[in-house]
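A short worksheet on the structure shown next.
The values are calculated or read from the model by the stated rules, or taken from the named source; none is laboratory data. Just so you know, these numbers come straight off a predicted model, no measurement behind them. Glycine gets a Cβ as well: all are built from the backbone with ideal geometry, and neighbour counts include every protein chain shown. We work out accessible area using only protein heavy atoms, side chains counted, and drop any ligands, DNA or RNA first. Shrake-Rupley method; radii C 1.70, N 1.55, O 1.52, S 1.80 Å.
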Amino acid sequence: MYTYIASDLITKIRQNIFKGKLPTEYELMQKYDVSRNTIRKAIDIISQKGLVRRVQGSGYYINDFGPKADQIVNLTMGISEGFNPRQLKSRVITFDRVIADEYMAAKFGCEVGDELHRVIRYRFRDDRPYTLEYAYYERKEVPFLPIEAAHESILEFIKTEYNVSVNSSDQYVGIEPLPTEIASITGFPQGDDYIVLYQSHYRKNNVLFNFSKTYYLDRTMQFYFHASNQS
């Protein structure tokens, strides 16, 4: 139940329904007809995603990044999600199957010889170039992947179809020159430096099911990651 409540509250936060802070724990208990412990578990999830912060004796305040909120990628939430996300549109460049090689195994943690779905997507945000994404999905975890899903949210399709979702992730951010292949697809100058995000997604029991390499072509973007002191 608390995961449903967390999801509902996240949706409301993204829709700017709350003004500055969440309702009190008591108000949320009344709204969802659940215990205080359930509400606190839901808020823990939201806090872990960096969406709210607790002020002792005052409540839970929603993190506000001001006018630049639409230019922030919240890595704790995921590549396509932010505090005020805009509609992403995708142009599928490649949709096929490949075999994992030694480079993929070393970089992302898969096994050499793994069968993979490969999706290369050129993504746009408000009709502006946003990212060029190379994404791979383990066929032993995701047996079937329709091309229709590649135009929307692939992770959402996998969650609905196979009940597989991201439990943990490894993420690395670097700067790399734009290779010839991407320059020819996008028209951006070859060799120019862009931010690159490497991601490996694991479901429960630390099983790898998806990994990707994404070039961020919009240089106005910023990256946010939430961390909390558990001591």
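Size of the dipole of the range 152-231 about the Cα centre, Lys and Arg at +1 and Asp and Glu at -1 on the beta carbon, nothing else charged, in debye to 20? Don't jump to the answer; show the numbers that get you there.
Values: 5 positive and 9 negative charges, 72 e Å.
Computed charge dipole of the range 152-231: roughly 340 debye.
Which residue, chosen from VAL166, SER212, THR180, occupies the Cα position most advanced towards the positive end of the dipole of the range 70-224, where the dipole is computed from +1 (Lys, Arg) and -1 (Asp, Glu) charges on Cβ about the Cα centre?
VAL166
At 1.306 mPa s and 10 °C, plugging the Kirkwood radius over alpha-carbon pairs of the range 1-64 into Stokes-Einstein gives what diffusion coefficient in µm²/s?
In µm²/s, the coefficient rounds to 138.
Add +1 for every Lys or Arg and -1 for every Asp or Glu among the other residues with Cβ under 9 Å from the Cβ of SER200, and state the total.
Values: positive: LYS107; negative: ASP170.
Residues close to SER200 contribute a combined charge of 0.
Enumerate the calculated ³J(HN,Hα) couplings along the range 161-167 in order (Karplus 6.51 cos²θ - 1.76 cosθ + 1.60, θ = phi - 60°), each rounded to whole Hz, writing x wherever the residue is Gly or Pro.
The phi angles translate into 7, 10, 6, 10, 9, 6, 9 Hz.
Work through the residues other than ILE185 whose Cβ is under 11 Å from its Cβ and net out their charges, Lys, Arg +1 and Asp, Glu -1.
On the way: positive: ARG91, ARG121; negative: GLU181.
Taking every Cβ under 11 Å from that of ILE185, the sum is +1.
Using a 1.4 Å probe, how large is the accessible area of THR180, given in Å² and rounded to the nearest 10?
Near enough 80 Å² of accessible area.
Determine the distance separating the Cα centre of the range 86-135 from the Cα centre of the range 136-188; give it in Å without decimals.
Each part's Cα centre sits 5 Å from the other's.
Just for the Cα atoms in the chain, what are the lengths along the principal axes, largest first, rounded to whole Å?
Taking max minus min along each principal axis of the Cα atoms, the chain gives 56, 38, 37 Å.
Evaluate the relative contact order of the range 1-64 (contact order divided by residue number), counting alpha-carbon pairs under 8 angstrom at least 6 apart; express in whole percent.
Working: 57 pairs, mean separation 25.5, N = 64.
That works out to 40 percent.
Summing +1 for each Lys or Arg and -1 for each Asp or Glu, what net charge is found among the other residues whose Cβ lies under 11 Å from the Cβ of ASN167? Please report the intermediate quantities before stating the final value.
Values: positive: ARG203, LYS204; negative: none.
Neighbour charge sum, excluding ASN167 itself: +2.
Do any chymotrypsin sites (Phe, Trp or Tyr not before Pro) in the range 134-219 lie in a DSSP loop with no more than 13 other beta carbon atoms within 10 Å, and if so, which?
On the way: sites: TYR134, TYR136, TYR137, PHE144, PHE157, TYR162, TYR172, TYR194, TYR198, TYR202, PHE209, PHE211, TYR215, TYR216; in loops: PHE144.
Answer in residue order: PHE144.
Show SER168, SER90 ordered by accessible area, largest first, where the area counts protein heavy atoms only and the probe is 1.4 Å.
On the way: SER168 45, SER90 20 Å².
I get SER168, SER90, largest accessible area first.
Taking Cα pairs under 8 Å and at least six residues apart, what relative contact order does the chain come out at, in percent?
Numbers: 381 pairs, mean separation 38.9, N = 231.
Worked out over the chain, it gives 17 percent.
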